[in-house]
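First up is the structure itself, then whatever we jot down about it.
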Amino acid sequence: MEQKYSYAETLLIKALDIDPENEMIWDSLAWLYFKMGETKKAMKAMKIPLTKKIENSEIAYHLGEIFLKLDKKEQAKKYLKQAIELANDDDAVEISRKILGKYFKE
């Protein structure tokens, strides 16, 4: 699996060379780092998406998960709720609801 992570990271970095302001690519890189257990790197990769208006449930959900892992519960709650409000990615909305119910009793 480690080889696949390394290859995915290489591809995402090449994609960022082409489109360095693309928040979806940054989100993908952040989620890769999160899955690798590198939460601080994941948060750093979310720098560009955080500078823009978040309009995608998946990005909001990923931010919620990253903040939760960093034990920043208020920020996690904010982004998980935002994922649900945006409602443009069914999987992200469903998972956000489950996390809110588990950790925030909502």
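The values are calculated or read from the model by the stated rules, or taken from the named source; none is laboratory data. Owing to the predicted nature of the structure, the values given are computational and were not obtained by experimental measurement. Backbone-built Cβ (ideal geometry, glycine too); neighbour counts: all protein chains shown.
Here are some notes:
- Within the range 31-65, the set of residues being in contact (Cβ under 8 Å) with a residue 12 or more places away in the chain and in contact with a Phe, Trp or Tyr (Cβ under 6 Å, 6 or more places away or on another chain) comprises Met36, Ala42, Ala45, Ile48, Pro49, Ala60, His62, Leu63, Gly64.
- Against the numbered list (1) over 13 Å from Ala30 (Cβ atoms); (2) assigned to a helix (DSSP H, G or I); (3) not basic (Lys, Arg), Glu58 comes up short only at (1).
- Spans of helices (runs of 4 or more DSSP H) in the range 1-51 with at least 1 residues over 20 Å from Glu65 (Cα atoms): 2-18
Results for (1) out of contact with any helix residue (DSSP H, G or I) (no Cβ under 6 Å at 6 or more places or on another chain); (2) polar (S, T, N, Q); (3) surrounded by fewer than 19 Cβ atoms within 10 Å (Cβ to Cβ); (4) modelled with pLDDT of 95 or more, shown as yes or no for each residue.
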position	(1), (2), (3), (4)
Leu11	yes, no, yes, yes
Glu38	yes, no, yes, yes
Met43	no, no, no, yes
Glu65	yes, no, no, yes
Glu85	yes, no, yes, yes
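- Scope the range 68-79; condition free of Cβ contacts under 8 Å to residues at least 24 places away in the same chain and either surrounded by 19 or more Cβ atoms within 10 Å (Cβ to Cβ) or assigned to a helix (DSSP H, G or I) (or both); matching residues: Glu74, Gln75, Lys78
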